[in-house]
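The values are calculated or read from the model by the stated rules, or taken from the named source; none is laboratory data. Keep in mind that this is a model prediction, so the values were computed, not measured. In this analysis, Cβ positions are derived from the backbone assuming ideal geometry, glycine residues included, and neighbour counts consider all displayed protein chains.
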Amino acid sequence: MAQARHKREPGALPSAVLATGVHLALVAVLVFGVSWQSRRPETVTAELWPRLPEPPVVRQQRPEPKPQVQPPPLPRPAPKPVPETPKKPDIAVAAKKAPPKKPAVEEPPLDLDFRRRMERQLAEELTLVQREQLKTEPVKKPPVKAPVPSVSAPSVPAVAVDPGYVNRVRAKIRGNITLPAGLAGNPEAIFEVEQLPTGEVLSVKLRTSSGEKAYDDSVERAILKSSPLPRPEPGQYQRRLELRFRPME
Amino acid sequence: MAPDSDGHRENGMNVTQDLSMITLLWNASPVVQAVMLLLLVVSFMSWYFIFRKWFGIRRAGTQTEQFERDFWSGSDLGALYQSAVNHRHSTGSLERVFEAGFREFVKVRTQRSADPAAMVDGARRAMRATYHREMDRLEAHLSFLASVGSVSPYVGLLGTVWGIMHAFRGLSNVQQATLAAVAPGIAEALVATAIGLFAAIPAVVAYNRFAHDVDRLSLRFESFMEEFSNILNRQSHAK
């Protein structure tokens, strides 16, 4: 009788299958549901600039540095004429277009600055030489790419950091520094701080340690604590700031 | 493409935490993992019994209905008893109660010295015994569902509390107390509570439902027993 009853107990196998199905569904919901929810929306960082950094200038400078590939001394003088932009590209373009136009180009020597004029002449001659070289072997573009950063890179820090602004930033950070006990001497620690235009600190890098780990750490904590940093004057924003700190200030 | 760009972003800006389920479970502390495994097993068993009881009780209900219809349609008691004996492996609970009572009644009636009250009493006792056995069979595993429903949330809570303790202990080693430092730990700990609740809620619902169904069945069995005793009583006096 008892055995008969056990046999009669219905649906042992279907129940097991259904229970497995329920749990598989649960696992699927958990895995896919949660992973779907935890997918981050694509973050887009937008930085607002008060002025555009005049893109045409940069673009037209590119053909110009070409001649400067070969002569090693030239990359230095090249950045200096960057501010008076409109004329230079003309030269470069003119020189590229046709040599007979040269006389028209040589009008600008109205400049009183002698050195600049000399440089320009040198550049023109070099462009001519370069043009001839290009005619003979036009496939020389890869090396051209190298000087581009050398010209554009110096053009970025052309905006000098306002010392007053840096002092304000340092003052705010200094207020948050807790000097560790038993600090010997007055060593200098240099930090590189990356910030957003709103002043929020993105990262702090120790450029030069003061030699005292405790002091470095406390300054780093103070920088993070000072976020957001004071805002610069409009147009003075710099993503990376170099800040120097000394214990006795 | 998306993960690639994620990886190349500045480290200071994005604290990218992979919060997908598998990594959460994989990184959980052993206690939490053990709790989750236990709860998963318990949940599986409870679902297994839920389905089994569901099938069983539904079948008992239809069989009871069928037998009551057969019984009250006025067919011969002897024929009913014969069919119950012949199909012993497929009879329902109520049919077995009837079979036990009728067998006892017939056995006592064959003895000459039996008086009518003793005949009905014997049949009644036999029916009651079968009834209790059948009720026990119907109610089997319901207590398991009840305890799963009441205990598994606590087990899940234990796992969660343990996981959160773990997460906060890790926080003490960090200079900067950020939410990102504890978030994964708390998330993986909360999974334990989720599994506990997942095991508990269906178990409680099923327990209440099945207990109610079994109660109704037992009521039907008892009223049938009373009515059948009356019929036997009439028959015993008729002879």
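Scanning region B:46-103 for residues that are part of a helix (DSSP H, G or I), buried (at least 18 other Cβ atoms within 10 Å of the Cβ), at the interface with chain A (Cβ under 9 Å from one of its Cβ atoms) and among the hydroxyl-bearing types (Ser, Thr, Tyr) returns B:Ser46, B:Tyr48. In the set A:Val31, A:Val17, A:Val27, only one residue is within 7 Å of chain B (Cβ to nearest Cβ), modelled with pLDDT of 65 or more and over 30 Å from A:Leu196 (Cβ atoms); that residue is A:Val31.
Considering (1) in contact with a helix residue (DSSP H, G or I) (Cβ under 8 Å, 6 or more places away or on another chain); (2) more than 23 Å from B:Leu219 (Cα to Cα), the lone condition that B:Ala183 does not fulfil carries the number (1). If I filter region A:170-180 for residues that are surrounded by 12 or more Cβ atoms within 10 Å (Cβ to Cβ), β-branched (Val, Ile, Thr) and in a helix (DSSP H, G or I), do I get at least one hit? The answer is yes; a qualifying residue exists. Highlighted here are the strands (runs of 3 or more DSSP E) found entirely within region A:182-245 that include at least 2 residues which are touching a residue at least 60 places away in the same chain (Cβ under 8 Å): A:240-245. Within region A:158-204, which residues are in contact with a Gly (Cβ under 6 Å, 6 or more places away or on another chain) and either under 14 Å from A:Arg244 (Cα atoms) or not assigned by TED's automatic domain parsing to the domain that holds A:Val219 (or both)? Passing the criteria: only A:Pro187.
Filtering region B:184-239 down to residues that are among the aromatic types (Phe, Trp, Tyr) and under 27 Å from B:Met119 (Cβ atoms), which residue is nearest to the other protein chains (Cβ to nearest Cβ)? The qualifying residue nearest to the other protein chains (Cβ to nearest Cβ) is B:Phe221. Here is the figure for region B:167-184: residues that are over 19 Å from A:Ser218 (Cα atoms) and touching a residue at least 40 places away in the same chain (Cβ under 8 Å) total 3.
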